[in-house]
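Derivation of every value follows stated rules applied to the coordinates shown; laboratory data play no part. Quick caveat, the model's predicted, so the values are computed rather than measured. Glycine also receives a Cβ, built like all others from the backbone with ideal geometry; neighbour counts cover every protein chain displayed.
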Amino acid sequence: MILHIVMVEPEIPQNTGNIARTCAAIGAKLHLVKPLGFEISNKYLKRAGLDYWDKLDIEQHETLTDFLSQYPPEKYSIFFSTTKGKQVYSEVNYAKFNEVFIVFGKETKGLPENLLLTYIDNTIRIPMRVHLRSLNLANSVAIVAYEVLRQKNFENLQMTSNYFDNQ
């Protein structure tokens with residue numbers, strides 16, 4: 001399975017750096033939808049991603065419209081992560097898809113409401129206590145991404161360690 005993590009107009013370089021590191025570790029493709037709230041060369045972005053940048057598959061899109069034109073939700077298995085989501089992220093059967101896109105909005109506003117209304121059946125949410133705004137974006141990406149991978153038995157990921165065998 002191919003997993004795509006899509007960041008729409010991310011604003012905080014440290015979050016994006018951490019998300020990039022997660023994508024590199026799990027083999028997910030990272031899509032960055034402009035405008036970005038930082039430069040790709042930003043030192044905080046690079047520091048959070050550390051030495052993982054050369055192991056990362058990144059695709060940039062000029063606008064959300066451009067991304068949706070290239071990857072129409074009617075053709076691809078695209079899920080929109082939002083606190084307003086219709087279903088809990090773990091209720092989706094991702095294992096039946098060969099390719100999955102998880103789309104996340106910017107830290108301050110999330111995804112556009114008209115987009116969510118258009119694709120309401122493809123909205124997902126992470127459960128949390130009432131009256132709290134949201135989780136950290138990098139944490140949300142990790143939570144959902146690992147559920148997608150869990151359903152595929154962590155395909156292509158190292159499941160065991162031989163660290164103590166050599167001690």
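Under a model in which nothing but the beta-carbon of Lys, Arg (+1) and Asp, Glu (-1) is charged, the stretch 8-144 shows a dipole of about 480 debye around its Cα centre.
Full extension of the chain segment joining GLU11 with GLN167 gains 51.8 nm, where the gain is 0.36 nm per residue of separation less the Cα-Cα distance. Each part reduced to its alpha carbon centroid, the stretch 52-88 and the stretch 93-167 end up 12 Å apart. Do any of LYS34/LYS106; LYS109/LYS152; LYS34/LYS109; LYS84/LYS106; LYS29/LYS75; LYS86/LYS152 go past 21 Å between their Cα atoms, and which? Going by Cα-Cα distance, LYS109/LYS152; LYS86/LYS152 fall outside the 21 Å limit. Note on the chain: helix-only mean residue ellipticity at 222 nm, from DSSP H runs of 4+ residues weighted -39500 (n - 2.57) and normalised by residue number, equals -8500 deg cm²/dmol.
Take the Cα of TYR146, step 7 Å toward its Cβ, do the same at ASN98, and the gap between the two points is 2.9 nm. Applying the criteria of a DSSP loop state and at most 16 other Cβ atoms within 10 Å to the GluC sites (Glu not before Pro) of the stretch 54-136 yields GLU62, GLU74. Indicate the gyration tensor shape class of the stretch 66-131 (rounded, prolate or oblate), computed on the Cα atoms with a ≥ b ≥ c the square roots of the eigenvalues: a/c under 1.5 is rounded; otherwise a/b larger than b/c is prolate and the rest oblate. In terms of gyration-tensor shape, oblate. For the stretch 1-130, DSSP calls about 5 percent of its internal beta bridges antiparallel. In terms of other Cβ atoms within 10 Å, MET7, MET1, MET128 run from fewest to most in the order MET128, MET1, MET7. With Cα atoms as the point set, the stretch 45-167 shows a radius of gyration and Dmax of 16.6, 56 Å.
Extension gain, THR108 to VAL88, is 5.1 nm, computed as 0.36 nm per intervening residue step minus the present C-alpha separation.
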